[in-house]
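First comes the structure, then the notes that go with it.
The values are calculated or read from the model by the stated rules, or taken from the named source; none is laboratory data. What you see is a predicted model, and the numbers here were worked out from it, not measured in a lab. Positions of Cβ are generated from backbone atoms using ideal geometry, with glycine treated the same way; all protein chains shown enter the neighbour counts. These area figures cover heavy atoms from the full protein model, side chains too; ligands, DNA and RNA do not enter into them. Shrake-Rupley method; radii C 1.70, N 1.55, O 1.52, S 1.80 Å.
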Amino acid sequence: MSYDNQNVFAKILRGEIPTNKIYEDSYVIAFPDIHPKAATHVLVVPKNAYVDFNDLMENASAEEIKGIFAAVKKVAAQLDVIDAGYRLVMNVGVGAGQEVPHLHVHILSNKESA
Ligand code: AMP
């Protein structure tokens, strides 16, 4: 999959499509999934243009990879789902069901977020 800068998350990152941003730092933004599949369902989206996890691991610095996953943990803490438990999902490739070709981590929890 090649990077298409017309994908919906690229448009959200450029401010062309509105979203309810719940977290932002220098590496990522996070916002609720528009079609939630759990009581809490938030997407953490890196600011840089990686198609998927493979692209990230092949092209990002160790510092950026750490920054992205540290942000995922911070968002989970902000949502107050650490104690209840949560799932992290990254669909990698069309064959795995990846719909949006811009890397994102799904945070899902059966606990409604704070
Ligand atoms: P994936 O199948 O892993 O690529 O997941 C893409 C996710 O993006 C799906 O769960 C969609 O519901 C979600 N999604 C698509 N458009 C938007 C949007 N504008 N705002 C929030 N979530 C979205």
Scan segment 41-60 for residues that are within 13 Å of the ligand (Cβ to nearest atom), outside any loop (DSSP other than H, G, I, E, B) and open to solvent by less than 60 Å² (accessible area, probe 1.4 Å) and jot them down.
HIS41, VAL42, LEU43, VAL44, VAL45
Residue that is farthest from the chain's Cα centre (by Cα), among those in segment 1-31 that are in a strand (DSSP E or B) and buried (at least 16 other Cβ atoms within 10 Å of the Cβ):
TYR23
In segment 85-103, the residues that are out of contact with any helix residue (DSSP H, G or I) (no Cβ under 9 Å at 6 or more places or on another chain), touching a residue at least 40 places away in the same chain (Cβ under 8 Å) and open to solvent by less than 60 Å² (accessible area, probe 1.4 Å):
GLN98
Could you check how many residues of segment 104-114 are in contact with a strand residue (DSSP E or B) (Cβ under 7 Å, 6 or more places away or on another chain) and open to solvent by 50 Å² or more (accessible area, probe 1.4 Å)?
2
For GLU16, state whether it is closer than 17 Å to VAL72 by Cβ and more than 9 Å from the ligand (Cβ to nearest atom).
no
Looking only at segment 1-13, how many residues end up being without any contact (Cβ under 8 Å) to a residue 60 or more places away in the chain and within 11 Å of the ligand (Cβ to nearest atom)?
2
